Structure formats: C-alpha cells, structure tokens
Amino acid sequence: MRKEILKKVKRVVIKIGSGVITSVGNGLDMERIKDLAAELVGFREHGIEVILVSSGAVAAGRRELGLADRPRTIPQKQAAAAIGQSKLMRAYEENFAGHGIKVAQLLLTRDDLASRPRFLNARATIDTLLECGIIPIINENDTVAVDEIKFGDNDNLSALVTNLVEAQLLVILTDIDGFHTADPRTDPAAKLIHLIRSITKETERAAGGSGTSVGTGGMATKIAAAKKVGRSGVPALMINGRQPGNLERVLTGEEVGTLFLPAEVSLNRRKHWIAYTQRTVGRVFVDSGAFKVLSQQGRSLLPSGVIRVEGKFDRGACVRICTPDGTEFARGITDYSSREMELIAGHKSAEIEGILGYRYGDDVIHRDNLVVL
C-alpha cells in the first residue's frame, strides 16, 4: 500500500517538530539537522519536491534569554523566536548547501492564508521557489503572531500548507515512533499502530496533550493535522524523526511509523480552505428542516431556514452554522451581513428585496461556499 501511495507523490510537505531538531537546554541539535538534510536529498533524487514546515525557532532562541524552559509569556516567546529563527535558517542553509541545495524562508500568520489573495500569492511564491530547485522552509511568524492570527501549532500549519501547495503527502516528524495504543512514554505496554484507515472519535480521544518542554504540539494536534489533510484526499505519515534513516525507509515503502489514510469523500481545495483556514466571526442558527437539507442533500442555506444570528459580521465573512441547540455542523461564507440576515431571517427568498430594498441573491449562504463538517 505504501509503495502505491509513494508512486503518486510528486510534492511532499515534511513537518519537523521541535523535539526532533533541538535538545532540552542546548538549543539546536546540529548533528540531527545535518543528517536530516542528507536524508531529504533522497526525496529530491526520487523526483519529489520538498516543502519543510519547521519548528525550533523558539527553542533555539530561548537560551539567549536565559530561559531554562519554554517561554511562559507572549513577549518572551516572540523575543526567543526573533533570536532563534535566524539560527534555525542558518543551520538549514549550511547543511543543505553541502548538497548543492538552496533554501528560502517563509514566515506566515493565519491571516496570510485566511485572505484568499494572500493565500494565492503564498502559493505562487512557493511554486516559483520549487521551479528554481529551492526548498521552501516555512514557520509561523511567532514574532508578531497573537492569538487572533495564530495557527496554534506547526502541526496545524503543516496541514494547511499541504492544502496550499496541493501536496500529495504530509510527513510529520516527531520524537516517538508513531501513534500508539497508549502514551509510550508512560506505558511500556503501548503498541505502535502502523495503519489507521479512518480517524474516529475514539482515535481523537486516545491522543493526549503536548509531550515535551520544547514543543507546543502533542499527539492530539498531529491527529488533527492528519484529519485535515485527509479531508482533502491526502494521506499523512507520522514517523520518528530522531531515528536515523527513517526518511530513507519512507522512500522504500517500509512500514515505519503510522500511516493515516485519507477520507473516502474529500473536499475540494476551496471548501477545505473555508473549513480549516478561514477564521469564523459569528454563528448562524438554523431550524431542523434547514439542518436536514444542508447536511444530507448539499443544498444552499435560504433565509427561511435561519432562526437567529449571533455576532456582528459583514458580507463575505466565514460563520459557523449551528443547530438550534448550538451544535456546529457546517461553516460557510455569507452573502449577507449579520444585520441584513437578522432582518430577513425566517422569510422567503422572494421577500428579501421587499425587506432590504435590494437583493444579492436568493441564498444566505450558497452551497459552493458551504462545508458540512
């Protein structure tokens, strides 16, 4: 199965966790970065384009601030990132240069991908770098990011980048062998699961929190990343990035780590962007009839199905679509503002112009801009 998947891979996103390339209290692990660069050359030799999403800047810079553990405040984290990002890029630049390969840095915030023009600009930049034989190395712009524009962790960022660049595989390098039946750090009886065909609620519940003092993402964020890329028809592979030769084993199709198969029904790129990249700014509550036609029949949301609106937003905003009890089941880009929607809620489409004095269309949210979660 793995060999068949690899035959289709022309572009791969590889996420490198902080625990893979840093040592607690010692900054960057230069030997591991050197070995990883050598292994990643193998992908290029197989005709596979490589995009890296690399953590490690904060861990690389915190020692300069005299911090023994992960920064506890946002200013500390931003200062550590400002110091460490240049160290991280220099390490990659020097080690890839030994193989005649150049690298480029891209620092992103969530707003860069939530904005459709900036999303497309970022993709064009990455495409151009790859055409020139340069490896893009992407990280969150921690020096300016605040909660409202943060990806949260680089596992999430790697999933969104996979959709951005239309890669055929996401490889997540972590400091354990893959997904286990229990936490292998605390349970010696934990068994490695090599294949997960579908990410279920049980799978998500089995994932724990952050595992180390140098990273922000734990198993739960990696499962979430695999689920996100799976919704766009892309498999994900989680392997131990501390183990020398594992990337080479991936190329030969060996059963290393955990392979997450994609969902049977996938989203197109735009709907994936709406579901996972857009920041929601309000909620639209719908009645049981609207819930049924939206979730089961793939229809558009009409004003007659809207019960009430929560939050203030403009036309073109991304909102959560909820059942009467507040359970979110879909997201969508609105054709009307919150004020307009409040006025036409519960009315037929033919009444819109009489109420507002104008009409953008019959739908509150068109089915092409609506994603059932």
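The values are calculated or read from the model by the stated rules, or taken from the named source; none is laboratory data. Computed from a predicted model, the values in this text were never measured in an experiment. Positions of Cβ are generated from backbone atoms using ideal geometry, with glycine treated the same way; all protein chains shown enter the neighbour counts.
If the condition is being in contact with a Pro (Cβ under 7 Å, 6 or more places away or on another chain), among the aromatic types (Phe, Trp, Tyr) and either assigned to a loop (DSSP other than H, G, I, E, B) or outside the structural domain of Val50 (by TED's automatic domain parsing) (or both), then region 248-298 contributes only Phe285. When region 253-288 is limited to residues that are among the charged types (D, E, K, R) and crowded, with 16+ Cβ neighbours inside 10 Å, the one that is nearest to Arg308 (Cα to Cα) turns out to be Arg283. If you check Ser295, Ser288, Ser337, Ser349 for being touching a residue at least 60 places away in the same chain (Cβ under 8 Å) and of a type outside the set (Lys, Arg), only one passes: Ser295. Look at Gly66 and say whether it is more than 23 Å from the chain's Cα centre (by Cα), over 23 Å from Asp35 (Cβ atoms) and free of Cβ contacts under 8 Å to residues at least 12 places away in the same chain. Spelling it out, Gly66 is indeed more than 23 Å from the chain's Cα centre (by Cα), over 23 Å from Asp35 (Cβ atoms) and free of Cβ contacts under 8 Å to residues at least 12 places away in the same chain.
Among the numbered conditions (1) out of contact with any strand residue (DSSP E or B) (no Cβ under 6 Å at 6 or more places or on another chain); (2) in contact (Cβ under 8 Å) with a residue 24 or more places away in the chain; (3) closer than 28 Å to Ala220 by Cβ, the only one that Ser23 does not meet is (2). Here are Gly332, Gly361, Gly354: which of them is assigned by TED's automatic domain parsing to the domain that holds Ser295, in a loop (DSSP other than H, G, I, E, B) and not hydroxyl-bearing (Ser, Thr, Tyr)? Step by step, each of Gly332, Gly361, Gly354 is checked, and only Gly361 is assigned by TED's automatic domain parsing to the domain that holds Ser295, in a loop (DSSP other than H, G, I, E, B) and not hydroxyl-bearing (Ser, Thr, Tyr).
Candidates in region 160-211 are the residues that are out of contact with any helix residue (DSSP H, G or I) (no Cβ under 9 Å at 6 or more places or on another chain) and assigned to a helix (DSSP H, G or I); of these, the one that is nearest to Arg269 (Cα to Cα) is Lys201. With respect to the conditions (1) without any contact (Cβ under 8 Å) to a residue 60 or more places away in the chain; (2) within 16 Å of Arg367 (Cα to Cα), Thr327 lacks only one, and its number is (2).
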